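*Asks:* Supplied in C-alpha cells, the structure appears directly below.
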Amino acid sequence: DKLKNILYATDFMDGDFKAIRILEKIAKPLDMKVVCAHVSPRDHLEWDDVKLKGLKEHFKKIYGETHVDCDLIEHEDLYIALESYVREKDIDILSFTRRRRSLISKLFNPNIAKKNVVSLQYTIVSF
C-alpha cells in the first residue's frame with residue numbers, strides 16, 4: 001500500500017518549523033499529506049487554537065497551497081488522542097521533535113503500554 005499521511009505532533013516549539021520543512025520536502029514528491037496537529041486539553045483549547053492558526057498561516061505563506069494542513073485535537077490524554085487520531089485519519093507515519101520531556105519521552109514511558117499506543121502499526125520519525 002502507498003503511504004499517504006504523515007502526522008507531525010506539534011508542541012509549538014521552534015524546532016517545529018524545521019521539522020515541517022523537512023517533512024514537506026519528503027511528502028511533496030510522494031504526493032503525501034502532512035498534518036501538523038496538537039493535542040490540547042479543554043482548558044488550553046482556546047489559546048492552542050490561536051497558536052495552531054498562526055502555524056497554519058505561516059505554512060500557507062511559505063509553502064502556498066501545499067500538502068501541509070493543521071489540526072487541533074481536543075483531549076485530556078495525549079496517548080488516547082494520538083491513538084484515535086492515527087486510526088481515524090489513516091496516518092502512516094508519526095513524527096515529532098525530541099525535547100526535554102518531549103513527546104518521545106512520553107511515548108516510550110513505561111505507562112504507554114497501558115495506553116495501548118504501542119500496538120499501533122506506524123512508522124515513527126523523530127527530529
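*Asks:* Could you count how many residues in the stretch 1-10 are outside any strand (DSSP E or B), open to solvent by 20 Å² or more (accessible area, probe 1.4 Å) and not charged (D, E, K, R)?
*Replies:* Result for the stretch 1-10: 1.
*Asks:* Moving on to the next point. Look through Asp69, Asp77 and report the one residue that is on the phi < 0 side of the Ramachandran plot and out of contact with any strand residue (DSSP E or B) (no Cβ under 6 Å at 6 or more places or on another chain).
*Replies:* Numbers: Asp69 fails: out of contact with any strand residue (DSSP E or B) (no Cβ under 6 Å at 6 or more places or on another chain).
Matching residue, one of Asp69, Asp77: Asp77.
*Asks:* If the Cβ limit is 7 Å and pairs must be 6+ apart or interchain, which residue in the stretch 1-20 that is farther than 16 Å from Lys33 by Cα pairs with which residue that is open to solvent by less than 30 Å² (accessible area, probe 1.4 Å) and part of a helix (DSSP H, G or I)?
*Replies:* Once the first residue is farther than 16 Å from Lys33 by Cα and sits in the stretch 1-20, its partners that are open to solvent by less than 30 Å² (accessible area, probe 1.4 Å) and part of a helix (DSSP H, G or I) give Asp11/Leu103.
*Asks:* Looking only at the stretch 11-34, filter to residues that are in contact with an Asp or Glu (Cβ under 8 Å, 6 or more places away or on another chain) and open to solvent by 10 Å² or more (accessible area, probe 1.4 Å); which one of those is farthest from Arg87 (Cα to Cα)?
*Replies:* So the residue we want is Phe12.
*Asks:* Are any residues in the stretch 69-110 aromatic (Phe, Trp, Tyr) and either at pLDDT below 80 or over 11 Å from the mean Cα position of the chain (by Cα) (or both), and if so, which ones?
*Replies:* Tyr79, Phe108
*Asks:* How many residues does the stretch 35-44 contain that are surrounded by 12 or more Cβ atoms within 10 Å (Cβ to Cβ) and part of a helix (DSSP H, G or I)? Please lay out each step first, then the result.
*Replies:* Pass one, the stretch 35-44, residues surrounded by 12 or more Cβ atoms within 10 Å (Cβ to Cβ): 35-41, 44.
In the following step, the residues that additionally are part of a helix (DSSP H, G or I) were identified as 44.
Total meeting the criteria: 1.
*Asks:* Do we have any residue at all in the stretch 50-72 that's part of a strand (DSSP E or B), closer than 18 Å to Thr97 by Cβ and either open to solvent by less than 40 Å² (accessible area, probe 1.4 Å) or polar (S, T, N, Q) (or both)?
*Replies:* The answer is yes, given that some residue of the stretch 50-72 is part of a strand (DSSP E or B), closer than 18 Å to Thr97 by Cβ and either open to solvent by less than 40 Å² (accessible area, probe 1.4 Å) or polar (S, T, N, Q) (or both).
The values are calculated or read from the model by the stated rules, or taken from the named source; none is laboratory data. If you're wondering where the values come from, they're calculated on a predicted model, not measured in any experiment. Ideal geometry is used to build each Cβ from the backbone, glycine not excepted, and the neighbour counts take in all protein chains shown. We work out accessible area using only protein heavy atoms, side chains counted, and drop any ligands, DNA or RNA first. Shrake-Rupley method; radii C 1.70, N 1.55, O 1.52, S 1.80 Å.
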